[in-house]
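The values are calculated or read from the model by the stated rules, or taken from the named source; none is laboratory data. Given the structure is predicted, the values throughout are model-derived calculations rather than measurements. Every residue, glycine as well, gets a Cβ built from its backbone with ideal geometry; the counts of neighbours run over all protein chains shown. Just so you know, the surface numbers come from the protein's heavy atoms only, side chains and all, with ligands and any DNA or RNA stripped out. Shrake-Rupley method; radii C 1.70, N 1.55, O 1.52, S 1.80 Å.
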Amino acid sequence: MPMALDILIAGGGIGGLTAALALQRDGHQVTVCEAAAELKPLGVGINLLPHAVAVLDELGLMPALASMAVPTSALVFANRHGQTIYEDLRGLAGGYSHPQFSVHRGELQQMLWREAAARLGAERLVSGWRITGAQLDGDEVIAQGVDASGATVSRRASVLIAADGIHSAIRRQFYPDEGPPRWNGMMMWRGTSLAKPFLDGRTMVQAGHRRAKFVVYPIAPPRPDGRQLINWICDRRLREDGLGGGLTAPGREDWNKPGSIDDLMPTFGGWRFPWLDVPGVIQGATQLLEWPMVDRDPLPRWRHGRITLLGDAAHPMYPIGSNGATQAILDAAAIAKALRKERRVETALANYEAERRPMCARIVELNRQEGLDYILDMVEERAPDGFARLEEVIDPAEVDAFVKRYKAAAGHRQAAPAGTSPAPER
Ligand SMILES: Cc1cc2nc3c(=O)[nH]c(=O)nc-3n(C[C@H](O)[C@H](O)[C@H](O)COP(=O)(O)OP(=O)(O)OC[C@H]3O[C@@H](n4cnc5c(N)ncnc54)[C@H](O)[C@@H]3O)c2cc1C
């Protein structure tokens, strides 16, 4: 029986809350400090790959997830005319043990928050507390912060997990010279619209090429009026010199910064697919946000004594390949497992890091190499006006081999034994 620890988590995002649920299940006393005074359903769509869904399933969250999310059936790559280049079956249809879910980020976070409040006790979810720093004190950690009134507060724990996102205060304490996130010159406009379901109502599509791409997928079951909440992302390259990162984004990255339709119509206004009216979807936006494509360089270490990092605080990556939330959820499962298997806390945290840090660093690097966009670029270059037969433009076997190589490199394992599966994209 592992020792019950008093664990403090900074950040009640998807990573922090999943970690809280996994650690509470193992008998630890967990407290979550969340900077936001009130949890609102912020963000737009995200995807959970099957191996992350397996973690949430083990936590008993499958019924809640299934009722709010869309089980993605396929990822389709298309050119900017909406013609299919490649179809990759996803979730159960693709031979995985669990579905891939497309879901509204804010609603997922709120569901995790409700579950955590019920299981940990509502008093253990402390909102309006921004952690500002932490010190080691023997076998304990003292975390400092400010509460909603601006008063300075502090709290002792035997472990501190910093799950406080891309602008993590704890990461900054340990790496004060790191500076702002690195931008690759791409801007993403992320929107939601209510629209008639497209294709089979469960497909994710990435259409276009490296300089301008339209990603679209439904994130909720159809409503009684037949319409469905659709998440879409317009990617536009604003700077050509940022490939691989290295630029500073215009303005501080803020997940809730509003975007403008006027910035999109000159590029996407003529993109009418046989199965989707892209400008119509953009014009129908119920929400539109703007976010530069940023990440940070992989760190040499996450752990400092009994303090460690998790999720975006540890490894912010481009939101490509559905890996942002997925990797945070895998971190949560890994840290719980490490503390189950090893009584010495610092060794357990080192084991967690040894399991997760190399993999996450690899995905950061893979995403910088544009991943599967390479295929879209090749087709755009060879057939900018579309094609009559795909085989005349690109060898389908070549595309298939490329996709399989990418998935293997990113750690996706198809048809894995029950309870361990994986797959990719946004
Ligand atoms: C408001 C918001 C909207 C987002 N929208 C999208 C989206 O639409 N699409 C997408 O792909 N990804 C989005 N993301 C990012 C995505 O949720 C993460 O990449 C992924 O889920 C990993 O989650 P995380 O828990 O590590 O980090 P995050 O989801 O960033 O969660 C971090 C949490 O920590 C809290 N926090 C921050 N600083 C402190 C502090 N000092 N002390 C205490 N708490 C702190 C934040 O309020 C947040 O709740 C969004 C993130 C946020 C915060």
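Couple of notes before you dig in:
- Average accessible surface area per residue within the chain, 1.4 Å rolling probe, Å²: 39 Å²
- Stretch gain in nm, segment LYS404-GLU392, where the contour uses 0.36 nm per residue and the Cα spacing is subtracted: 2.2 nm
- Per-residue HN-Hα couplings for the stretch 90-97 [Karplus 6.51, -1.76, 1.60; θ = phi - 60°; Hz; x = Gly/Pro]: 10, x, 4, 4, x, x, 8, 6
- Note on the chain: lysine pairs with Cα distance below 23 Å, sequence gap of 8 or more or different chains, count 5.
- Its relative contact order, with pairs defined as Cα atoms under 8 Å and 6+ residues apart, puts the chain at 22 percent.
- Carbon and sulfur %, accessible surface of the stretch 68-132 computed with the full protein complex present, 1.4 Å: 47 percent
- Contour minus Cα-Cα distance for ASP241 and ALA148 (0.36 nm per residue): 29.4 nm
- Every helix of 4 or more DSSP H residues in the chain counts as -39500 (n - 2.57), and over all residues that averages to -9000 deg cm²/dmol at 222 nm.
- Surface share of carbon and sulfur [accessible, 1.4 angstrom probe, percent] for the stretch 135-212: 49 percent
- Angle between the chain longest axis and helix 345-368 axis [Cα atoms, degrees, rounded to 10]: 20 degrees
- Unit charges on C-beta of K, R, D, E only; dipole of the chain, Debye: 600 debye
- Highest GNM mean-square fluctuation among GLU365, GLU380, GLU178, for the chain modelled with Cα contacts below 10 Å: GLU178.
- Build a GNM of the chain with springs between Cα atoms under 10 Å apart, and of LEU276, LEU310, LEU330 the one that fluctuates most is LEU276.
- For the chain, modelled as a GNM whose springs connect Cα atoms under 10 angstrom apart, the maximal fluctuation among ARG382, ARG296, ARG114 occurs at ARG382.
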